[in-house]
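Okay, so here's the structure we're looking at.
The values are calculated or read from the model by the stated rules, or taken from the named source; none is laboratory data. Only a predicted model underlies this, so the values are computations on that prediction, with no experimental measurement involved. All Cβ positions, even for glycine, are placed from backbone atoms using ideal geometry, and neighbour counts span all protein chains on display. Note: accessible area is taken over every heavy atom of the protein model, side chains too, but ligands, DNA and RNA are not part of it. Shrake-Rupley method; radii C 1.70, N 1.55, O 1.52, S 1.80 Å.
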Amino acid sequence: MAPTRLLLVDDEARQRELLSGFLAKRGFSIFSAGTGEEALELYHDIFAPVAIVDMKMPGMDGLELLTRLREVNPFIQVIVLTAFGSVETAVAAMKRGAFDYLTKPVENLDELLVKLEKAASQNRLAVANEVMTERLAEVFPTSEIFGESPAIMKVKELISVVAPEEATVLITGSSGTGKELVARALHALSPRAEQNLVAINCAAFPETLLESELFGYERGAFTGAEKAKQGRFELADGGTLFLDEIAEMPLTMQVKLLRVLEDRKIERLGSVKQIALDIRIIAATNRDLKKMVAEGRFREDLYYRLNVITIDLPPLKDRGGDLLLLAEKFVDKFARKIGKEVSGIDNDAARILNSYHWPGNVRELENIIERAVVLTRTRALSQHDLTGLSSPEKAPSADREITTIAEVEKEHIRHCLDQLGWNIGMCAERLGIHRNTLRSKIREYQLSRDSQ
Ligand SMILES: Nc1ncnc2c1ncn2[C@@H]1O[C@H](COP(=O)(O)OP(=O)(O)OP(=O)(O)O)[C@@H](O)[C@H]1O
Ligand SMILES: [Mg+2]
């Protein structure tokens, strides 16, 4: 392995010699400096991943050097040396992002070595994480996963670990939390990225259609099958199949899916010829599948097949500071998109955003910000641009125009669909009607995702 570059800064020449003599024999390539100023100049050329910095030096002290080094390279891991008994200095250094500290004189060189190795590995991790994020932004520019809350960082870490594997992934989380975004990231970061990601929304098709969509069919397999058609399984061969809203899959189809997962083979409808498949499965749901298993509405064996690795997305409400961070990102995104000079959110607007409960999660936030950016007359979004959130639905007034029941029903369904991001299963449940009824009403009223 190539030696790890190490910056060593101490004003005492003897200390520098002692440490560099020891570390040079243990896989480090040492660059030393006697002052903070000298160290900074040197650093621009060497860009070492780790550094040892004495806190007490004439001129620029260690604390300031630490800060300046981290400005040049945010991933640098610095171990500071403090005088015996100066705990405050050590604490101050840790607060400013030092990786660890040791008290002088450094007698236990093995301890130093252990700390340096940890620091070097921490640096590699931080850089790898950054590369992952950049790579994601590159392959998938419009779909960066925003957020820095611990919960989302954990999700991102899991994505980078799981993406290169073949394992089946189940993505859970309520409506609008970013399940599809995660599924796409998993595919984009996998060795299958060059192949297709084929998605199918299991709630969008009545049972028989779902089967022919998935499996495809031969000519004449049923009335209307005038030509043979490849199903989504086949289309995803070599790539990834994303089974969205898997909980809505009828039980009989669940059995068929399970068989495919076990055999990795399918037959088109109307054919006995087996087609071998190489697909990776990612499934998503906003339901509690475990509960559905207990209620007999979802097959247990299929549940275990799918649930090899779970990525659970927390509701937006539980992501702390991410809420405003996401809001700001969306302001930028839509301002750029429509070429309008809007930047940021004022304090009142931020308060309103923070106090709302966000049942539609990130999608709802994105929609609300988009609308606000279009409507606003100010540079920063203000509470006037967020009226939909602060005031409850308009109360019916006495002189309200009388419309037909069908008109009210149409509006009500449209509202529900928009709110829940066109999740048919959830909408049907909320409205207290069957999925198929909802589907036929959508057709009847000619509702579609983008119609206003
Ligand atoms: N962390 C995030 N960063 C940036 N955009 C996000 C994030 N999470 C979600 N979004 C955006 O919010 C919208 C909804 O996300 P997505 O469609 O992935 O949610 P979902 O969980 O699949 O929702 P549903 O359950 O309704 O299908 C998308 O436009 C997506 O790009
Ligand atoms: Mg989705």
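For region 160-179, which positions are outside any loop (DSSP other than H, G, I, E, B) and either more than 16 Å from ligand 2 (Cβ to nearest atom) or polar (S, T, N, Q) (or both)? So that I can check it myself, show each step before the final result.
Here is the first cut: in region 160-179, the ones outside any loop (DSSP other than H, G, I, E, B) are 160-162, 169-172, 179.
Residues satisfying the conditions are S160, V161, V162, T172.
In region 180-219, the qualifying residues are those that are within 20 Å of the chain's Cα centre (by Cα) and without any contact (Cβ under 8 Å) to a residue 40 or more places away in the chain, and the one that is farthest from ligand 2 (Cβ to nearest atom) is P191.
Residue by residue through region 30-41, note down the ones that are closer than 15 Å to N73 by Cβ and open to solvent by less than 50 Å² (accessible area, probe 1.4 Å). Passing the criteria: A39, L40.
Would region 228-241 turn up any residue that is over 18 Å from I275 (Cα atoms), in the same structural domain as I279 (by TED's automatic domain parsing) and not in a loop (DSSP other than H, G, I, E, B)?
Within region 228-241, the first condition is being over 18 Å from I275 (Cα atoms), and the residues that meet it are none.
Among the residues of region 228-241, not one is over 18 Å from I275 (Cα atoms), in the same structural domain as I279 (by TED's automatic domain parsing) and not in a loop (DSSP other than H, G, I, E, B), which makes the answer no.
Please enumerate the residues belonging to region 169-182 that are touching a Ser or Thr at 6+ places or on another chain (Cβ under 8 Å) and more than 6 Å from ligand 1 (Cβ to nearest atom). If the condition is that a residue be touching a Ser or Thr at 6+ places or on another chain (Cβ under 8 Å) and more than 6 Å from ligand 1 (Cβ to nearest atom), then V169, L170, I171, T172 are the ones that fit.
Residues being in contact with a helix residue (DSSP H, G or I) (Cβ under 8 Å, 6 or more places away or on another chain) and either polar (S, T, N, Q) or closer than 13 Å to G59 by Cα (or both): count how many of those fall in region 34-45. Explain how you work it out, then say what you get.
Of region 34-45, the ones in contact with a helix residue (DSSP H, G or I) (Cβ under 8 Å, 6 or more places away or on another chain) are 34, 36, 39-40, 43-44.
Cutting the leftovers down to either polar (S, T, N, Q) or closer than 13 Å to G59 by Cα (or both) gives us 34, 36, 39-40.
Of the residues in that region, 4 qualify.
Can you find even one residue in region 195-211 that is at pLDDT 95 or above and in contact with a Gly (Cβ under 8 Å, 6 or more places away or on another chain)? No, because not a single residue in region 195-211 is at pLDDT 95 or above and in contact with a Gly (Cβ under 8 Å, 6 or more places away or on another chain). Screening D301 with (1) more than 23 Å from S174 (Cβ to Cβ); (2) at pLDDT 95 or above; (3) surrounded by 15 or more Cβ atoms within 10 Å (Cβ to Cβ) gives one miss only, at (3).
Say we look at region 10-29 and pick out the residues that are more than 39 Å from the chain's Cα centre (by Cα) and not in a helix (DSSP H, G or I); which of these is nearest to V78 (Cα to Cα)?
Step one: list which residues in region 10-29 are more than 39 Å from the chain's Cα centre (by Cα), which gives 10-26.
Now restrict to residues that are not in a helix (DSSP H, G or I): 10-12, 25-26.
Working: D10: 13, D11: 17, E12: 18, K25: 20, R26: 18 Å.
Once the filter is applied, the top-ranked residue is D10.
Identify all residues within region 75-130 that are in contact (Cβ under 8 Å) with a residue 60 or more places away in the chain, of a type in the set (K, R) and in contact with a strand residue (DSSP E or B) (Cβ under 8 Å, 6 or more places away or on another chain); write none if there are none. Result: K104, single match. Listed conditions (1) crowded, with 21+ Cβ neighbours inside 10 Å; (2) of a type in the set (A, V, I, L, M); (3) in a loop (DSSP other than H, G, I, E, B) are all met by A221, apart from (1).
Out of everything in region 49-95 that is in a loop (DSSP other than H, G, I, E, B) and more than 14 Å from A39 (Cβ to Cβ), what residue ends up being most open to solvent (accessible area, probe 1.4 Å)? Step through it out loud before you land on a result.
Here is the first cut: in region 49-95, the residues in a loop (DSSP other than H, G, I, E, B) are 49, 55-61, 73-76, 84-86.
Now narrow it down to the ones that are more than 14 Å from A39 (Cβ to Cβ): 49, 56, 74-75, 84-86.
On the way: P49: 26, K56: 161, P74: 80, F75: 56, F84: 179, G85: 59, S86: 30 Å².
The qualifying residue most open to solvent (accessible area, probe 1.4 Å) is F84.
From the residues in region 76-117 that are more than 14 Å from M55 (Cβ to Cβ) and of a type in the set (A, V, I, L, M), which one is nearest to the chain's Cα centre (by Cα)? Checked region 76-117; the qualifying residue nearest to the chain's Cα centre (by Cα) is I76.
With the requirement that a residue be under 14 Å from L324 (Cα atoms) and within 16 Å of ligand 2 (Cβ to nearest atom), what does region 364-381 give you?
E364, L365, E366
Residue count for region 256-289 under the criterion of being more than 20 Å from G239 (Cα to Cα), open to solvent by less than 50 Å² (accessible area, probe 1.4 Å) and more than 16 Å from ligand 1 (Cβ to nearest atom): the result is 2.
Scanning region 324-344 for residues that are more than 23 Å from the chain's Cα centre (by Cα) and either under 16 Å from T378 (Cβ atoms) or of a type in the set (D, E, K, R) (or both) yields I338, K340, E341, V342, S343.
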